[in-house]
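Visitor: Below you will find the structure I want to go over with you.
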Amino acid sequence: MKIAKDSVVRFHYTVSESGQEPIETSKEREPLAILIGHGNIIPGLEKALDGHEAGDSFGVDVPAAEAYGERREGLTQRVPKKHFGDQKLAPGQQVVLNTNFGPRAVTIEKVGMSVVDVDLNHPMAGKDLHFDIEIVDVREAGKEELEHGHVHGDGGHEH
Ligand code: ZN
């Protein structure tokens, strides 16, 4: 079957910044399982998957606006150093910070004596990305999956 809204798709991906070495790949892990049409992945990738079927391999360029969005200015936040525990901190480094909204990847901008300035932009914000995709399988979502808005079972939520 072809991928459409409410399909459950399992796929492998390799992502790079356009024209550069891969940043991340799912190849050594289980494929990613996604319910299509529910905003679970970046819009550009969801669009690219549409109409493909199991066994398809393809590459797609996703501009920043269709990926993690453009970088926004003014997203710098000053955080007490104690929130970072004992880890060594340097500008440009990416760390995961526990925020009120759950864990979030941030980039260190400046390290002071007792506070740290971090950039809350998504690390991939403002980047044009290239994905290489391999569709593993496609199935229709179950009723419960549609109600929850995510995949259950293989590669999905367990509850
Ligand atoms: Zn669920």
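The values are calculated or read from the model by the stated rules, or taken from the named source; none is laboratory data. This one's a predicted model, so the numbers in the text were calculated from it and none came from an experiment. For neighbour counting, all protein chains shown are included, and Cβ atoms are generated from backbone atoms with ideal geometry for every residue, glycine included. Heads up: the accessible areas ignore ligands, DNA and RNA and are worked out on the full protein's heavy atoms, side chains in. Shrake-Rupley method; radii C 1.70, N 1.55, O 1.52, S 1.80 Å.
Visitor: State whether one or more residues within the range 102-111 are in the same structural domain as Ser18 (by TED's automatic domain parsing) and either assigned to a strand (DSSP E or B) or more than 16 Å from the ligand (Cβ to nearest atom) (or both).
Guide: no
Visitor: In addition: Of the residues Pro123, Pro103, Pro63, Pro91, which is under 28 Å from Glu21 (Cβ atoms) and either among the hydrophobic types (A, V, I, L, M, F, W, C) or open to solvent by less than 30 Å² (accessible area, probe 1.4 Å) (or both)?
Guide: The unique qualifying residue is Pro123.
Visitor: Next question, about the same structure. From the list Ala4, Ala64, pick out the single residue that is hydrophobic (A, V, I, L, M, F, W, C) and either in contact with a Leu (Cβ under 7 Å, 6 or more places away or on another chain) or within 18 Å of Gly149 (Cα to Cα) (or both).
Guide: Ala4
Visitor: Just checking, which of Leu45, Leu97 is open to solvent by less than 30 Å² (accessible area, probe 1.4 Å) and in a helix (DSSP H, G or I)?
Guide: The conditions single out Leu45.
Visitor: I'd like the full set of residues that are more than 11 Å from the ligand (Cβ to nearest atom), among the acidic types (Asp, Glu) and not in a loop (DSSP other than H, G, I, E, B), limited to the range 115-155.
Guide: Passing the criteria: Asp117, Asp119, Asp132, Glu134, Asp137, Glu140.
Visitor: Identify all residues within the range 53-103 that are free of Cβ contacts under 8 Å to residues at least 12 places away in the same chain and of a type in the set (Val, Ile, Thr); write none if there are none.
Guide: Val96, Thr99
Visitor: Same structure, new question: For the range 66-87: of the residues being open to solvent by 80 Å² or more (accessible area, probe 1.4 Å) and in a strand (DSSP E or B), which is nearest to Leu120 (Cα to Cα)?
Guide: Selected residue: Gln77.
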